[in-house]
Structure formats: structure tokens, C-alpha cells
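The values are calculated or read from the model by the stated rules, or taken from the named source; none is laboratory data. In this text, all values refer to a predicted model and were calculated from it rather than measured experimentally. When we count neighbours, we look across all protein chains shown, and the Cβ atoms used for this are built from the backbone with ideal geometry, even at glycine.
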């Protein structure tokens, strides 16, 4: 009965599906697949395991910032708001804010439908006073949501530095698109990973337990399971490194041998050492990200960082009238 309290709303947009992404990405030079396809049920579970790793500083550092400055965030947005969480995942971080914000309603948005329902059902059970909604859509594209009340001030919460998965010009376009959600009264609370010692970054994306490698390789298992594909995941290895010139972590799957992979009726050649680019994760200085946000039409109201300057959380308000 508690689970029924989650109101599920169907997305109104079309999504690029896995088949289209694989056929296009395997034919590209260099080969690539967007990171959103990591997040099937198994991929979402593996990512939650990554967040618990000792090397993966991002989650615990962001959560510490939210705990320390939750009262400031609540004062900035005001009472009885609608919280819209993008990429809600297990909805752990939002729990740090719910008691302080006491929002009128919560809307979780995630590409993994099953995982989204599980996490929002837990929220509905644990916070019986909270009106809980869920929408499974690809929020990387312009959002056209079927439900959200224009009468409530909105706090769009985008944690985890997922903005770093976008190229800088894509990040600016994405932020501009969020203005539709923020109007007429709203703000964006966004986590952004900071530039730091490359050794810290290397350890975070090449953990000793190999969970990040399993997360990366799970993409191939998903392709093999969901598509008509003649593909052996064990013929690839995980590769992650910091590209200092570009200011980003890159993740790739590297072919261990010469191979010819069939996807439906098409065939794709891989030579030994050839890479399939699966993710970029840009790191910014505070000033660099503020510049992108300002060009996208936002005012930087507040910025909070941790004592080690590993991570930042930005409170942005719309500069549009």
C-alpha cells in the first residue's frame, strides 16, 4: 500500500535507444557509446557499489557538503517547494535535504525505470508526509514533463557531477534547457567535480576491487543480452585515465585482439588496442563552471566546497525574467 503512493508519470519524449546508439557508435571513428547506456538494472547497482568505494571520493564528499550546508540551501529556496532530482539513482543524497527542506513534493527522474521505482518507493515509505512522483526519461535531452505544478517554487537537484559527462558546449546547452523547469520561480542545485591531483582521479576510476571495470564492461554484457549481437565481453578490458589537456577523465573499452563483431546484420571490425569510448568526466575549477553557468543564463548565488577542494556544490538562480 505504501508503494502505491508513488505517482508514476510517463515521459513525453522519444529517446535514442540502445540499438541506435550501438549501430551508430560502432561505425563512428573513433568508436563511442553515450554513458547513459551504462544504467540498466545491473549497471545502476554497480554504480551504487562504486559510490561506496574508498577511492571514490565524489559521493561522500558531496554528501558531507550537503550535510554541512543544508540549512543554507533551505534558506535559499524557501519552504514548501517542489524538488526535482535528475538522475536520482538510489536517492541517498536527497535524504540529507528532505528533513531540512520539508518540500511539498518530490519528483525523481532517472533513465533506469526499475531502479527509479525501487528508490522512490523507499522514499514514499520512509517519508509518509512527502508527495512522491517519478518519471523515467532521458534527462540528457530537452525535458517535456507531463507533471509538475507551476504554483510551487522549484529546486532542481542535479548531484554527482553528472554534468561532467557532457562536453562543455553540451553542458551549456543542457543548462539552458533546464530553464523551462525553473520558471517562474526556481533554482538549480548542482554538484561539480573539481580539478585536482591526477593521482586522486586515477585511483577513483581504477579502484583496487575492479568495480569500475565491471561497471564499464557491463555495457558489453547489456549489448549482448538486449541486442542480436555476436560479442564477447571478455575480449575487452577497462581503461580509464586523466586527459590533462582536455581536463577530463576518459573511460574506454579496449579490444584485446583483432575481431569482427556482428550486431544484427551488420559487422564491425576491431583491431588490437582499438578503443570504444564510453565516458568522459570533465573536471572544472569553480570559476570555469561559473562561467559556463553564466553563459547559460544563471546567476551564481552560492558555492560550497569541502576543506580539501575536491568537490563543489553550486546554487544557481535563473537570470531570465
>> If I filter region 207-217 for residues that are over 19 Å from the mean Cα position of the chain (by Cα) and surrounded by 14 or more Cβ atoms within 10 Å (Cβ to Cβ), do I get at least one hit?
In response: yes
> Hey, among 203, 187, which residue is out of contact with any strand residue (DSSP E or B) (no Cβ under 9 Å at 6 or more places or on another chain) and closer than 24 Å to residue 62 by Cα?
Replying inline: 203
>> Residues that are in contact (Cβ under 8 Å) with a residue 12 or more places away in the chain and over 22 Å from residue 111 (Cβ atoms), at least 2 per element: which helices (runs of 4 or more DSSP H) completely within region 146-257 meet that?
In response: 198-205
> Can you tell me which residue in region 44-58 is surrounded by the fewest Cβ atoms within 10 Å (Cβ to Cβ), limited to those that are assigned to a helix (DSSP H, G or I) and modelled with pLDDT of 95 or more?
Replying inline: 49
> Only one of (1) modelled with pLDDT of 90 or more; (2) not in a loop (DSSP other than H, G, I, E, B) fails for residue 128. Which number is that?
Replying inline: (2)
>> Could you check region 96-123 and list, in sequence order, the residues that are out of contact with any helix residue (DSSP H, G or I) (no Cβ under 6 Å at 6 or more places or on another chain), within 21 Å of residue 153 (Cβ to Cβ), surrounded by fewer than 20 Cβ atoms within 10 Å (Cβ to Cβ) and touching a residue at least 12 places away in the same chain (Cβ under 8 Å)?
In response: 98, 102, 104, 105
>> Can you report the number of residues in region 272-291 which are in contact with a strand residue (DSSP E or B) (Cβ under 6 Å, 6 or more places away or on another chain) and touching a residue at least 40 places away in the same chain (Cβ under 8 Å)?
In response: 13
> Going by the structure shown, is residue 313 under 28 Å from residue 157 (Cα atoms) and either at pLDDT 95 or above or touching a strand residue (DSSP E or B) at 6+ places or on another chain (Cβ under 7 Å) (or both)?
Replying inline: yes
